[in-house]
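The values are calculated or read from the model by the stated rules, or taken from the named source; none is laboratory data. Every value quoted in this text rests on a predicted model; they were computed, and no experiment measured them. Neighbour counts run over all protein chains shown; Cβ positions are idealised from the backbone, glycine included.
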């Protein structure tokens, strides 16, 4: 079991899950947030915590050995859909201090937690095929 996060969060199918508020607390205590959203998803809205690593899912799977093993990692994505998969993957690769943030940045934002927002980079459009920045 996970030594750093033991007795914390909710365990579902062997994966520790934190709420956004619990994630913020863990980040303030030294955990690293692994933000695995796509480039267009992070272009205007980012988690405002001290230690964040931005890495897409394909990069993580190819370069997982470059992630810090000496610090607890909490994996987050847009809505909490794919982050659980990466937590399981990292656990299989020997990461002991890894957890999932349930709900992704959607829940983080909904909870009113700190964000860095670049309004000039916000995307608008009727569907993904026509998204453009405001500028």
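Can you tell me which residue in the stretch 11-33 is modelled with the lowest pLDDT, limited to those that are assigned to a strand (DSSP E or B) and in contact with a helix residue (DSSP H, G or I) (Cβ under 9 Å, 6 or more places away or on another chain)?
The qualifying residue modelled with the lowest pLDDT is 12.
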> Taking residue 59 and the conditions (1) at pLDDT 95 or above; (2) surrounded by fewer than 17 Cβ atoms within 10 Å (Cβ to Cβ), which numbered condition does it fall short on, given that it satisfies the others?
Replying inline: (1)
> Out of (1) under 18 Å from residue 12 (Cβ atoms); (2) surrounded by fewer than 17 Cβ atoms within 10 Å (Cβ to Cβ); (3) touching a helix residue (DSSP H, G or I) at 6+ places or on another chain (Cβ under 7 Å); (4) modelled with pLDDT under 95, what's the single condition that is false for residue 89?
Replying inline: (4)
> Can you tell me how many residues in the stretch 21-74 are closer than 17 Å to residue 97 by Cα and free of Cβ contacts under 8 Å to residues at least 12 places away in the same chain?
Replying inline: 4
